[in-house]
1. Indicate the helices, whole DSSP H runs only, in the chain that combine a mean Kyte-Doolittle hydropathy of 1.0 or more with a Cα extent along their long axis of 24 angstrom or more.
2. Please work out the FRET efficiency for the pair VAL13 and TYR167, using the Cβ-Cβ distance as r and a Förster radius of 51 Å; give the result to the nearest 0.05.
3. Hey, in the GNM for the chain with a 10 angstrom Cα cutoff, which one of VAL248, VAL24, VAL81 fluctuates hardest?
4. Assuming R0 = 25 Å, can you tell me the calculated FRET efficiency for the pair VAL62 and VAL24, based on Cβ-Cβ distance, to the nearest 0.05?
5. Can you give the Rg and Dmax of the range 99-259 based on its C-alpha atoms, in angstrom?
6. What is the count of Lys pairs in the range 1-97 whose alpha carbons sit under 20 Å apart, if the two are 8 or more places apart or on different chains?
7. Along the positive direction of the dipole of the chain (beta-carbon charges: Lys, Arg +1; Asp, Glu -1; about the Cα centre), which of VAL62, TYR148, GLY197 reaches farthest?
8. What is the percent of Cα-Cα separations in the range 65-129 that go past 17 Å?
Amino acid sequence: MIIYPYYYALVVVFGLFIGSFLNVCIYRIPRDLSIVWPGSKCPKCETPIKAYDNIPVISWLVLGGKCRKCGARISARYPVVEALTAVFALSFFVKFGLTPEFFIYYALACALIVVTYIDLDFQIIPDRISLGGIIVGLVCVNWLPVTYKDAIIGMFLGGGMLLAVIYGYYFITKKMGMGIGDVKLLAMIGVFIGWQGVLFTIFTASLIGSVIGVTWVLINRKDMKAAIPFGPFISIGALIYILWGTPVISWYFGFLRFP
């Protein structure tokens with residue numbers, strides 16, 4: 001298949017508008033609101049947002065991050081999510097081309113973006129995403145570079161390992177270190193990337209989470225027991241594996257063999 005330069009531009013535009021929809025999901029899903037109706041409105045004055053004020057990234061920049069009607073500040077998170085979704089659209093397109101893998105893994109990436117921001121805001125991971133994702137993943141395995149055996153092992157390994165960590169930590173401290181939502185999330189991810197991807201994801205998530213967590217605690221002068229959502233780190237680990245897992249693993253083992 002010939003990839004013309006304008007294809008990349010179309011993919012970016014596609015990603016931007018998907019990102020706009022993800023913003024709706026991030027805001028409405030944890031509040032049990034419909035993600036379809038009504039249309040977007042200012043969270044302060046509740047004025048419906050016109051189509052020309054709802055262009056991803058551009059409208060936020062033109063309006064200076066404010067509502068046209070009441071002047072209320074609109075969070076910079078909105079254009080950030082839109083831009084991030086576009087970056088992932090381009091990244092997955094470059095890696096997979098216009099194939100079933102592109103659409104499936106990009107849909108997973110979008111779900112993980114939604115999970116990340118909901119977990120940051122509410123410390124929950126909605127079952128409709130994690131459990132629903134397991135079902136979707138099992139349907140889509142035929143178009144992914146994993147076998148059904150790897151997908152099933154990945155699902156149970158992902159969920160089982162985190163369950164062991166959670167209850168092991170509880171046995172020692174009598175406190176819940178992570179939520180069951182993280183278990184369901186990693187089980188879902190395991191279906192899409194298999195047991196090898198789960199191991200990579202757990203290692204990477206733990207590494208990144210430790211570095212960012214300790215840094216956050218030190219900067220904000222929080223207690224080391226302060227709650228930090230683990231879902232975003234699981235999501236980051238999974239996305240790194242999908243995009244760069246093979247070269248990262250090769251580099252890692254090559255580094256270990258370095259004299």
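1. 5-28, 77-96, 100-122, 148-173, 180-220, 231-256
2. That gives a FRET efficiency of 0.65.
3. VAL248
4. 0.80
5. 16.0, 49
6. The number of close lysine pairs in the range 1-97 is 7.
7. The residue sitting most towards the positive pole is VAL62.
8. Of all Cα-Cα distances in the range 65-129, 55 percent exceed 17 Å.
Throughout, read-outs are computed from the coordinates displayed, never taken from laboratory work. The shown structure was predicted, so the numbers you read here are calculated from the model rather than taken from an experiment. Every residue, glycine among them, receives a Cβ derived from its backbone with ideal geometry; neighbour counts consider all protein chains shown.
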